[in-house]
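The values are calculated or read from the model by the stated rules, or taken from the named source; none is laboratory data. Keep in mind the model is a prediction, meaning the values are calculated, not measured. Note that each Cβ is placed from the backbone with ideal geometry, even for glycine, and that neighbours are counted across all protein chains shown.
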Amino acid sequence: MIEVADAVAARRALARRILRCPDCGAALKPWGRARPRTVRDLGGGLVTARPDRARCTACRRTHVVLDAGLLPRRAYTVAFLGQALAGAARGHGHRQIAAELGAPEGTVRGWLRRARRTAEELRWIGVQAVVVLDPDALPTADRGDPLAHAIEALVAAAVAARRRFGHGPREIWPRIALLTRGRLLAPSPTG
């Protein structure tokens, strides 16, 4: 899976074999489309997408080219999930967040558990990006909650990236999805 800021630009880059395989670095070529996905967005809206697939010209592995507004294997947009994480960082519980967003309590509880398990890794991703992009924007306040600390670092990194590069997604959560390579709720792969 490859997270991209602009799916249309990525499709053009894929056709010109500019995109590189995340596994071996060789050129990727178009390999059809993934199945259509319909996911829930904030405000109860639905988003339907049919991501491109790519195949490596060297190692022959296939990858889904996913817009940064979506997360792999999730039935909700990254903005929806991000609102839940931001609510948790503010100290709200899963029941309150679920009620505010109109999502099942068990789903929100699962998101928060997974995010808390990887909070240190998420914080580290955010801190590393801020140090590279704008060290003056590095959050210095110590938060009692590791998830709140991680979200603060990721937001600072996303803001610094937008300020430095001036392009990419306007909204903060797709920028965070790019920084985490779509792995907001999943630990890094081993190996």
## Note on the structure
A careful count of residues in segment 119-168 that are among the charged types (D, E, K, R) and within 16 Å of Gly82 (Cα to Cα) gives 2
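Any residue in segment 39-55 that is more than 22 Å from Leu184 (Cα to Cα) and not charged (D, E, K, R)?
Filtering segment 39-55 down to residues more than 22 Å from Leu184 (Cα to Cα) leaves 54-55.
Restricting the remaining residues to those that are not charged (D, E, K, R) gives 54.
Yes, segment 39-55 contains at least one residue that is more than 22 Å from Leu184 (Cα to Cα) and not charged (D, E, K, R).
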### Task
Have a look at Asp41, Asp67 and point out the one that is of a type in the set (D, E, K, R), touching a Ser or Thr at 6+ places or on another chain (Cβ under 7 Å) and under 26 Å from Ala148 (Cα atoms).
Asp41
#### Entry: Evaluation of Ala75 against (1) in contact (Cβ under 8 Å) with a residue 40 or more places away in the chain; (2) out of contact with any Leu (no Cβ under 9 Å at 6 or more places or on another chain); (3) under 15 Å from Arg40 (Cβ atoms) (one fails), failing number
(1)
#### Entry: segment 51-74, residues that are of a type in the set (Lys, Arg) and over 25 Å from Leu179 (Cβ atoms)
Arg55, Arg60
### Task
Could you list all residues from segment 18-63 that are hydrophobic (A, V, I, L, M, F, W, C), within 27 Å of Trp173 (Cα to Cα) and touching a strand residue (DSSP E or B) at 6+ places or on another chain (Cβ under 6 Å)?
Leu19, Cys21, Leu28, Ala34, Val39, Leu46, Val47, Ala49, Ala54
### Query
Looking at this structure, is Arg123 basic (Lys, Arg), surrounded by 15 or more Cβ atoms within 10 Å (Cβ to Cβ) and in contact with a helix residue (DSSP H, G or I) (Cβ under 8 Å, 6 or more places away or on another chain)?
yes
#### Entry: Selected residue (only one of Arg183, Arg143 is surrounded by 17 or more Cβ atoms within 10 Å (Cβ to Cβ), basic (Lys, Arg) and assigned to a loop (DSSP other than H, G, I, E, B))
Arg183
### Task
Determine whether segment 6-23 contains at least one residue that is part of a loop (DSSP other than H, G, I, E, B), β-branched (Val, Ile, Thr) and not assigned by TED's automatic domain parsing to the domain that holds Ile151.
yes
### Query
Does at least one position in segment 14-22 carry a residue that is aliphatic (A, V, I, L, M) and touching a Pro at 6+ places or on another chain (Cβ under 8 Å)?
yes
### Query
Any idea which residue in segment 146-160 is surrounded by the most Cβ atoms within 10 Å (Cβ to Cβ), counting only those that are out of contact with any Gly (no Cβ under 7 Å at 6 or more places or on another chain) and closer than 20 Å to Val4 by Cα?
Ala158
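Here is a list: Val132, Val108, Val127, Val159. Which entry is among the aliphatic types (A, V, I, L, M) and more than 17 Å from the chain's Cα centre (by Cα)? Explain how you work it out, then say what you get.
Working: Val108 fails: more than 17 Å from the chain's Cα centre (by Cα); Val127 fails: more than 17 Å from the chain's Cα centre (by Cα); Val159 fails: more than 17 Å from the chain's Cα centre (by Cα).
Answer to the selection: Val132.
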